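First the structure, in the form of structure tokens, and then the observations on it.
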Amino acid sequence: MNRHHWWRDAVIYQVYVRSFLDSTGDGIGDLAGVRAGLPYLKKLGVDGIWLSPFYPSPQHDHGYDVADYCDVDPVFGDLAEFDRLVDAARRLGVKVLLDIVPNHCSSEHPWFRAALAAAPGSPERARFHFADGRGPDGTEPPNNWHAMFGGPAWTRVTEPDGRPGQWYLHMFTPEQPDWNWREPEVAAEFDRILRFWLDRGVDGFRIDVAAGLFKHPELPDSPDPEADARTRDSVNPLAWNQPEVHDVWRHWRAVCEEYTARDGRERLLVGEVSVPTAREHARYVRPDELHQAFFFDLLGAPWDADAFRKVISEAIDDIAGTGSTVTWVLNNHDQVRTVTRYGEPTPEGSGLGPARARAAALLMLALPGAAYIYQGEELGLPEVVDLPDDVLTDPIFRRTGSRARIRDGCRVPLPWSGQASPFGFTSGAEGAKPWLPQPEWFAEHATDRALADTRSFWHLYRDGLQLRAALPQLGDGSLRWLDTQPGVLAFARGDLVCAVNFGTAPVPAPFPGTPLLASGPCEAGVLPGSTAAWWIDGS
Ligand code: NOJ
């Protein structure tokens, strides 16, 4: 098989830098904090880390508004600290992926400032999507597109002479103008950026909004703008998933291969790809395009055996079936954490959420392909659902006035130790405040407690990762579904069987003997409710 390609079944840990570990005492995590946390991650057993954006940025969308793609924001450190981090990771055998944001930049980016200062029709404006407004005085946006984070996708500028002028396109916030990828200078600039970081030794990139970049060349009205704003995956077919984007990924792949040819180290491109179907998704991971693309349908599936089986089967048939690898993900910095999503959203995370989240983790780690773990997932952290309005920073809250989809609750700084905030997150002076308040109950989830308790989420993840690394049946390869009763999923990976009971009542175990690993107490012959287990012949 394709075992020599490390990325086909890699397990990568997502580090949301500002919430991982703060080495300076300003209440915001930083790159030196990530370096200090590397031994912890090595012990957990991940193959690599993905660092959320740390570039100079006004932080309107926590770094997904990049003002300079080739530097480090002083809040997070500097390039010398970045080099130390890459060095330390290399010595530990942990790969480092950066988050690259090619769909849009910050309105503070020098090229966007130059565009604002330049005239309509200028080469400076051609790097973005500037257009005249509609209506008698150009007071209406050029088309009816909605921005992802609320409001219209266009903002009108004041021209250098002080008069109201053209509009520019931003599919997220007005502080995130979209690049015009039909302009060759933009593509060339991203080449320079890729090479800048590859030359500094990174192992690859997580690509933000990887189905974006190109817009329909005519920027026509959308037939159903309300639907574009509502649906998660098939958002505005005129703004996403245009055929030209595949040429960019082919080119980026070639750049990676060029570096591999030099030193033998395979680089990895993983795309954030939200498209309507698994078949469409598979086009992004063709052999000469991205190595991986997050398959979000598992994350979007409700806690239900049939729903899980459907999305897993589709991914395996349509993505793995083309020879590619499926990249599974249950959590990230944009989503309500599994412990809360699968259970009753009490602050304590009580109810069935934790048991289900543990079971889902074992299921994910048994599936063929690669997997991503979001920081805190290995601690069983619940979402913080009761942050007061005045601490919320997510632009979605500001722009929609709704708490419905806000993302601060999964971004609260990690608890490392102790009984009270800052729980070892910040090593600064006593009283240093994490940038989002940590609830008291974070104490139960602190890493020091998790490491000391063999029944913790942490041990489950660590044991799962160790077995995954040791057993050739797991990781890359194929899966065979086994017949089970309704509400139970079971599949075989060679002689290893993984079964999940989605119901609440115990069922007869689909495999004899004591499990090799289980997400909860599990005796031979019985699979309790909300539990997953792995068995292997002879175990
Ligand atoms: C996806 C990122 O995961 C999210 O955090 C960000 O707000 C948007 N892309 C825009 O860059």
Test each condition in (1) within 16 Å of the ligand (Cβ to nearest atom); (2) assigned to a helix (DSSP H, G or I) for ALA361 and report the one that comes out false.
(1)
Just for helices (runs of 4 or more DSSP H) wholly inside segment 64-176: which have at least 2 residues that are touching a Leu at 6+ places or on another chain (Cβ under 7 Å)?
79-92
Within segment 368-425, considering residues that are touching a helix residue (DSSP H, G or I) at 6+ places or on another chain (Cβ under 6 Å) and charged (D, E, K, R), the one surrounded by the fewest Cβ atoms within 10 Å (Cβ to Cβ)
ARG405
Every residue from segment 132-146 that is within 16 Å of the ligand (Cβ to nearest atom) and touching a Phe, Trp or Tyr at 6+ places or on another chain (Cβ under 6 Å)
none
Among ASP228, ASP233, which is the only one that is modelled with pLDDT under 95, farther than 22 Å from GLU124 by Cβ and not in a loop (DSSP other than H, G, I, E, B)?
ASP228
Residue that is farthest from the ligand (Cβ to nearest atom) [pool: residues in segment 263-283 that are over 16 Å from HIS5 (Cβ atoms) and part of a loop (DSSP other than H, G, I, E, B)]:
THR277
Matching residues in segment 467-482 - criterion: being closer than 20 Å to ALA359 by Cβ, assigned to a helix (DSSP H, G or I) and over 23 Å from the mean Cα position of the chain (by Cα):
LEU467
Of the numbered conditions (1) within 30 Å of VAL270 (Cα to Cα); (2) among the charged types (D, E, K, R); (3) without any contact (Cβ under 8 Å) to a residue 24 or more places away in the chain, GLU140 fails exactly one; give the number of that condition.
(1)
Members of segment 22-49 found to be under 15 Å from VAL94 (Cβ atoms) and part of a loop (DSSP other than H, G, I, E, B), listed by number
GLY45, VAL46, ASP47
Single residue of segment 141-193 satisfying the filter (out of contact with any helix residue (DSSP H, G or I) (no Cβ under 7 Å at 6 or more places or on another chain) and among the β-branched types (Val, Ile, Thr)) that is surrounded by the fewest Cβ atoms within 10 Å (Cβ to Cβ):
THR158
For segment 445-461, which positions are surrounded by fewer than 18 Cβ atoms within 10 Å (Cβ to Cβ) and within 26 Å of the chain's Cα centre (by Cα)?
ASP448, LEU451, HIS459
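The values are calculated or read from the model by the stated rules, or taken from the named source; none is laboratory data. What you are looking at is a predicted structure, and each value in this text was computed from that prediction instead of being measured. Glycine also receives a Cβ, built like all others from the backbone with ideal geometry; neighbour counts cover every protein chain displayed.
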